[in-house]
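One structure is given below, encoded as structure tokens.
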Amino acid sequence: MDRGDLVPDEVILGIVGEALARPEYARGAILDGVVRTVPQAEGLQRVLKQMGGGRKLDAVLAFDIDNDEIVRRLSARTVCGNCQTPYTGREPGGRCEKCGGTLMRRRDDEPAAIRNRLTVYETQTAPVFEWYKRNGARVVTVDAIGTVDDVTRRALAALGR
Ligand SMILES: [Zn+2]
């Protein structure tokens, strides 16, 4: 993860399967950051089928954003080296508001790791959307430039909520 590579598929599917089996997700869940590869998409389909009870994927949300904006956003993220509190828009070397610790850039947010993450996305994650379309899933693309509220509103509208 520190290099910007993905966690192995079987680890991800094990975590997701256990989480989805919990009672609080009996009525549904939103998976964020999963699925990231075609084998994970195939695996999630198997997991849902094994769970039974008509569990199925309702929609796939694709947040559309250009690479320059991704680099800008990730570069603006820091984390307290002591208590791990995350910050946005605060420089490395600053002080944590909670404990006074030093703010650091996450290792997977370093420029070289970001470039690797973008390459990993193009080669492993982008094909997931085509896979879902071929398999009859509802793939909804949302313009992700703007504030969290703007993007949330667009996502809900696109899902018809
Ligand atoms: Zn702290």
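In debye to the nearest 20, how big a dipole does region 1-87 give about its Cα centre with +1 on each Lys and Arg Cβ and -1 on each Asp and Glu Cβ?
Working: 11 positive and 13 negative charges, 67 e Å.
With only Lys, Arg, Asp and Glu charged at Cβ, the dipole is about 320 debye.
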Task: Fraction of accessible area attributable to carbon and sulfur, region 1-60 (%, probe 1.4 Å) - done: 53 percent
Task: Simple Cβ-charge dipole of the chain, Lys/Arg +1 and Asp/Glu -1, about Cα centre, in debye nearest 20 - done: 400 debye
Open item on the list: Quick check for you: with a 1.4 Å probe and neighbouring chains kept, what is the accessible area per residue of the chain, in Å²?
Closed with: 67 Å²
Open item on the list: 5 Å is the cut-off here: which amide hydrogens, built 1.01 Å from N in the peptide plane, fall below it relative to Asp143, excluding neighbours closer than 5 in sequence?
Closed with: Asp64
Open item on the list: Using a 1.4 Å probe on the protein heavy atoms only, what accessible surface does Lys133 show? Give it in Å² to the nearest 10.
Closed with: 110 Å²
Task: Hydrodynamic radius of region 1-93 per Kirkwood, over alpha carbon pairs, in Å - done: 16.0 Å
TODO: Find the Cα radius of gyration of the chain, compare it with 2.2 N^0.38 Å by division, and give the number to two decimals.
DONE: 1.17
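The values are calculated or read from the model by the stated rules, or taken from the named source; none is laboratory data. In this text, all values refer to a predicted model and were calculated from it rather than measured experimentally. As a convention, Cβ positions derive from the backbone with ideal geometry for all residues, glycine included, and neighbour counts pool all protein chains shown. Protein only, heavy atoms only, side chains kept; ligands, DNA and RNA dropped before computing areas. Shrake-Rupley method; radii C 1.70, N 1.55, O 1.52, S 1.80 Å.
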